[in-house]
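Shown next, in structure tokens, is the structure this report addresses.
The values are calculated or read from the model by the stated rules, or taken from the named source; none is laboratory data. Since the model is a prediction, treat every value here as computed from it, not as a measurement. All Cβ positions, glycine included, derive from the backbone under ideal geometry; neighbour counts span all protein chains shown.
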Amino acid sequence: MTLIMKSESYVRGDVIAANMHRARKHVFVDLLKWDVPTVDGEFEVDQFDDDGAIYLISAEPDGTHRGSIRLLPTTRPHILGSLFPHLCDGEVPTGPNIYEITRGCFSPSIGAAARIRVRNQLVTSAVEFALFNGIERFTCVVEGGLYSQLLSLGWVCEPLGLPQMVGSTVMGALQITVTRETPRLLLNAGSYVHSTLELATPALLAA
């Protein structure tokens, strides 16, 4: 299943949300050695995990984390606009119908085939969430190794500028357009899956 949650779920101590932040700490801090904040040495939580953040989480019925992504409204501080605006040749795309995809995290315990299934599940859920809520575009900042993967998923995806070196890593910014045709494009590319999207928090975009 894929759940939609807001950051208050973590504050309340929700098991699925806590497992997501715990997995992010394991992947980004322990394995990838990112210099990002942690809470109690157990959870990765940064300045963008505020009350505007929305999470799509693939989880087992017992709450075990399989994969997750975070969606940030671009009308508020977000990673591309706040940290990496230089990755865009022009202005950073912002607006009420543009959200940023960030913090894509997969559990290291799942195999390669399961990872692809979870990735496709999250991509499908993001597109459906966008269509349900009038979101027309996603932006994202990606490392060079993931750049071609995102381009190959089938959706309409275009670079916002040339990839650049950020420290020792090649980084790039992308823009993804979402229309009613996007699910068909994902299906044709083999990256669409049957949705099991569930609301874990009511009225997500009402605040």
* Structure fact -> Only one of (1) on the phi > 0 side of the Ramachandran plot; (2) part of a loop (DSSP other than H, G, I, E, B) does not apply to ARG103, and that is (2)
* Asked: When residues of region 45-102 are filtered for being of a type in the set (Ser, Thr, Tyr), under 17 Å from ALA18 (Cα atoms) and more than 15 Å from the chain's Cα centre (by Cα), how many remain?
  -> 1
* Evaluate the following for LEU87: is it under 17 Å from VAL170 (Cβ atoms), crowded, with 16+ Cβ neighbours inside 10 Å and at pLDDT 95 or above? => yes
* From the options LEU162, LEU205, residue that is assigned to a loop (DSSP other than H, G, I, E, B), within 22 Å of LEU83 (Cα to Cα) and either among the hydroxyl-bearing types (Ser, Thr, Tyr) or modelled with pLDDT under 95 (or both) -> LEU162
* Structure fact -> By residue number, the members of region 25-48 that are buried (at least 22 other Cβ atoms within 10 Å of the Cβ) and not basic (Lys, Arg) are GLU44
* Please find, among GLU128, GLU44, the residue that is of a type in the set (Asp, Glu) and under 22 Å from GLU181 (Cβ atoms). => GLU128
* Kindly establish whether THR139 is part of a strand (DSSP E or B) and buried (at least 16 other Cβ atoms within 10 Å of the Cβ). => yes
